[in-house]
Structures are given as structure tokens and as C-alpha cells.
Amino acid sequence: MEERQYDLIFICRPDTPEPDVEKIITTLDHAATEKGGKIEKTEKWGRKRMAYRVQRMREGYYVFMVVRSSHGEVVKELERRLKVSDAVIKYLTIRVDEELKRQEKLKKHREKRAARRRRLSPRRYRRDAVGNREDCQRRKPSAALAAVQGPFRQISLVRHTLPRQLQSASPASAS
């Protein structure tokens with residue numbers, strides 16, 4: 001079974017002393033290693049104001065942890081211990097590895113499309129029948145394109161050369 005990654009964040013009461021928060025962290029670390037998981041990173045964000053009241057409190061002590069495990073039992077055990085703890089007022093566990101896989105897949109897809117665009121972008125030169133390089137900007141339009149643009153070009157030239165009184169009555173401006 002492949003290893004999964006979880007983000008675990010919990011909020012303790014603001015009046016919880018620092019040693020008690022450390023005790024909760026070590027308890028969670030011990031429980032994770034006991035069940036076969038591993039806590040990769042622990043960040044104490046400290047006392048912060050919450051977006052809304054939780055149990056009549058406006059502030060809380062935030063702790064963020066990154067947990068790796070191949071078993072779902074680890075997360076269940078950690079959440080059970082957080083639920084039992086009196087100092088913890090709220091917790092949330094999110095599975096992140098699927099999102100990371102999706103981001104990597106999108107990144108590869110974007111790189112592939114960018115490479116294809118670079119490969120299919122118009123070249124600034126072309127090779128003639130002999131193999132000599134010729135600039136694309138300097139070449140003249142093909143005969144078919146000139147034939148299609150020809151009549152329209154003539155109408156626009158005639159329109160610009162006519163006096164203003166005749167331009168409003170000309171059939172080119174009516175369409």
C-alpha cells in the first residue's frame with residue numbers, strides 16, 4: 001500500500017500553557033509512530049485570532065503537523081486522542097497526497113502543451129526547393145490569396161481615392 005500524506009491542524013485553548021501543548025504534540029507523535037505512521041513536520045503557529053467564536057473563545061493556540069502513513073488507522077487514532085483532550089477545541093485532518101498528484105499531473109500536462117506549442121510555432125524561415133533558407137516575412141502571398149484579396153483591395157483603393165460626397169453614395173460603403 002502506498003504512503004499517504006495528511007495535514008493535521010488543531011487549535012488549543014488560548015490559556016493552555018506551553019508545556020501542555022508540547023505534551024499533546026509528543027502524545028500525537030508517539031501514537032503515530034506506534035501505529036506505523038510518521039510525523040514529518042510540526043509547526044507551532046502560536047496564539048491567533050479565530051475567524052469566529054468556538055466554545056465562546058475568540059483566540060486559540062494553533063499547531064500544524066504533516067503526517068505520513070500507509071494506514072488510515074493512524075489518522076483515526078490521532079483524531080481520537082485530539083477529541084479526548086480537554087485543551088483542544090477544534091481539529092481538522094486533510095488528505096493531501098491526491099491533490100499533490102493532481103498538481104504534478106497538471107504540471108506535466110502544461111509542460112507538454114508548452115513544448116508542443118514551441119514545436120508547432122511558426123518558423124521565421126522556410127526552405128525553398130533547393131534547400132536554401134528564406135525569411136517568411138519577406139515572401140509574397142500565394143497566388144490564390146492574392147486572387148481572393150485582389151478585388152477587395154481594388155474597392156478599398158477606389159474608395160480612398162473618391163471624393164467624400166461620392167464615398168457615401170458608393171456601393172462599397174452600403175454593404
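Any read-out appearing in this document is the output of simple, stated calculations on the displayed coordinates, not a laboratory observation. In this text the structure is predicted, and so the values were computed from the model without any measurement. Counting neighbours? That spans all protein chains shown, and the Cβs are built from the backbone with ideal geometry, glycine included.
Things to note:
- Segment Arg56-Lys38, extension gain: residue separation times 0.36 nm, minus the distance between their alpha carbons: 3.1 nm
- Neighbour counting of Cβ atoms within 10 Å sorts the residues Thr33, Thr27, fewest neighbours leading, into Thr33, Thr27.
- Simple spin-label estimate for Val66 and Lys83 gives 2.8 nm between the two label positions (7 Å along the Cα-to-Cβ direction from each Cα).
- Full-stretch length increase - Arg113, Thr26 - with 0.36 nm per residue and alpha-carbon distance subtracted: 26.6 nm
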